[in-house]
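In what follows, a single structure is set out as structure tokens and then discussed.
The values are calculated or read from the model by the stated rules, or taken from the named source; none is laboratory data. Predicted model, so just to flag it, every value in this text is computed and none were measured. For neighbour counting, all protein chains shown are included, and Cβ atoms are generated from backbone atoms with ideal geometry for every residue, glycine included.
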Amino acid sequence: MKFEQYRILPEIKRAIAEQGFRKPTDIQYKVLPKVLAGEDILGIAQTGTGKTAAFVIPVLHLLASEKKFKTLRCLVMVPTHELAQQIADVFKSLGRHTRLKILALFGSTEQDPQIRALQQGVDILVTTPGRMFDLHAQGHIRFEHVKFLILDEADRMLDLGFYKDIDDVKKLLPRRHQTLFFSATIDDKIKKLAYSTVTNAIRIQISPDDPVSKNIDHSVVMVEMDDKRFFLERMVLENSGQKMVVFVRTKVRAERVAAAMQRVNIATVTLHSGKVHQERKEAMNAFKTGKVSILIATDVSARGVDIPEVEYVINYDLPEVAENYVHRIGRTGRGTHKGKAVSFCSKEELPLLDEIERYLGYSIASQTLSDLEYQETLLFSNEESRTFKDVMKEIADFEGAAKKRKKK
Ligand code: ADP
Ligand code: MG
């Protein structure tokens, strides 16, 4: 079925067509009529399969059909600033021919412009919890007309830290409202939490067998911890100009890898919680526009981020939580695009690899490098200190061996 055939407002159909969407994706096909019918939903579908428009389209339709503009009627809660902005942008672009007002709200930015926007009237608010509670406490947000509560990256939102926020916000909403959860991954614990917050959610799950999208070609390569930067350098140079997201375990490591790349004249930007909003925004912009083609990120910071032209994801470090593997590599292969992902696994990380494979239910394809190929990668590096260090080590090894020989 094509979007044209749906019974949704013509102004929304027009925007959908302008966006270049002709047919709904599987999750959109299943979710759309259920939202229109007033159901609560737990929607699980692989990364990059269009979960955003699956809730944006029916919500826009229902809100724009109701002639009650400038009244907060939909609240979307997400874990990061980037995601709040991105989802607000999808609402804005698909809702461009309607009169609905959409606002993205998040912390570590000035409050005043946000307060002004709220005072002018907002229909749809996409927000991280902290700032929303602040502004509510100050009397700038009223929840009494909210009909939709949407949690994107729901497993993350229901996990420790945010669960109480969701519980608190539920108490502020009118008794009758629809709750929509979306995520690419969900475990039993989170599923229970989800069902404890809504009474009769319908679960809609697309292709549960492999949580990894078929558009992603993913593999693992064994690399010693200390050699990872040389492998990254090689991958960047061999795929020059292509957009790449590199995942590391911590923000400190993100900066360290960025510095190592800088030493070999590779420009990168970093995205992690140690940066203020403005820096994050600049980093994302530089990456989106292609000014810088390498983004180094931590797990949480890149959840849900949709940049269609990302060709490669590199797990510089393996993720410590198995399902984050799925979220990380899901930054590529989005929509109709194909993508590649490679994980650098050191000996120390083998137990993590094991856990990821157990989670996926299969072994990840492994690229085997011959000694020669491996050594070549180290030699190929432009890092000057490396060759110097190598020479010093060779001398030390040689002298050590000579001493041993003498003793004999
Ligand atoms: P998810 O949240 O499932 O990871 P997104 O909602 O971010 O995925 O969508 C991934 C990409 O697919 C986006 O770039 C979006 O524009 C595109 N997309 C969504 N719906 C359609 C559609 N019906 N036809 C073509 N492309 C689509
Ligand atoms: Mg998403």
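Points worth noting:
- Residues that are surrounded by fewer than 23 Cβ atoms within 10 Å (Cβ to Cβ) and not in a loop (DSSP other than H, G, I, E, B), drawn from the range 352-363: Leu352, Leu353, Asp354, Glu355, Glu357, Arg358, Tyr359, Leu360
- For Val257: the one exception among (1) within 20 Å of Leu295 (Cα to Cα); (2) touching a Gly at 6+ places or on another chain (Cβ under 8 Å): (2)
- Ile307 fulfils the conditions (1) more than 16 Å from ligand 2 (Cβ to nearest atom); (2) surrounded by fewer than 22 Cβ atoms within 10 Å (Cβ to Cβ) except for a single criterion, (1).
- Residue count for the range 28-47, restricted to those that are aliphatic (A, V, I, L, M), near ligand 1 (Cβ under 9 Å from one of its atoms) and at pLDDT 95 or above: 0
- Some residue of the range 217-240 being over 18 Å from Val313 (Cα atoms) and in a loop (DSSP other than H, G, I, E, B): yes
- Of all residues making up the range 20-46, the number that are within 16 Å of ligand 2 (Cβ to nearest atom) and part of a loop (DSSP other than H, G, I, E, B): 5
- All positions within the range 177-216 that are over 23 Å from Gly304 (Cβ atoms) and either assigned to a strand (DSSP E or B) or touching a residue at least 40 places away in the same chain (Cβ under 8 Å) (or both): Thr199, Asn200
- Residues of the range 145-174 satisfying the condition of being part of a loop (DSSP other than H, G, I, E, B) and over 20 Å from Glu39 (Cα atoms): Asp159, Leu160, Gly161, Phe162
- Neighbours by Cβ (under 7 Å, 6+ apart or cross-chain): first from the range 330-356, in contact (Cβ under 8 Å) with a residue 60 or more places away in the chain and within 25 Å of Glu238 (Cβ to Cβ); second more than 16 Å from ligand 2 (Cβ to nearest atom) and acidic (Asp, Glu): Thr332/Glu311; Gly339/Glu311; Lys340/Asp217; Lys340/Glu311; Ser346/Glu224
- Pairs linking a residue in the range 83-99 that is modelled with pLDDT of 95 or more to a residue that is charged (D, E, K, R) and within 13 Å of ligand 2 (Cβ to nearest atom), with Cβ atoms under 8 Å and 6 or more positions apart or on different chains, are Leu83/Asp152; Leu83/Glu153; Leu83/Arg303; Gln86/Asp306; Ile87/Asp152.
- Tallying residues that are touching a residue at least 60 places away in the same chain (Cβ under 8 Å) and surrounded by 20 or more Cβ atoms within 10 Å (Cβ to Cβ) within the range 61-82 yields 12.
- Residue within the range 253-265 that is surrounded by 14 or more Cβ atoms within 10 Å (Cβ to Cβ), outside any helix (DSSP H, G or I), on the phi < 0 side of the Ramachandran plot and among the charged types (D, E, K, R) present: no
Matching residues to (1) over 21 Å from the mean Cα position of the chain (by Cα); (2) more than 14 Å from ligand 1 (Cβ to nearest atom); (3) within 18 Å of Gln178 (Cα to Cα); (4) of a type in the set (Phe, Trp, Tyr):
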site: Ile12; (1), (2), (3), (4): yes, no, no, no
site: Ala17; (1), (2), (3), (4): yes, no, no, no
site: Phe21; (1), (2), (3), (4): yes, no, no, yes
site: Asp26; (1), (2), (3), (4): no, no, no, no
site: Thr49; (1), (2), (3), (4): no, no, no, no
site: Asp89; (1), (2), (3), (4): no, no, no, no
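- Candidate set: the range 105-136, residues that are among the acidic types (Asp, Glu) and in a helix (DSSP H, G or I); chosen: the one surrounded by the most Cβ atoms within 10 Å (Cβ to Cβ): Asp134
- Pairs, first at negative phi and crowded, with 18+ Cβ neighbours inside 10 Å in the range 25-49, second in a helix (DSSP H, G or I) and of a type in the set (D, E, K, R), C-beta under 6 Å, six or more apart: Ile27/Lys51; Ile41/Lys34; Ala45/Lys51
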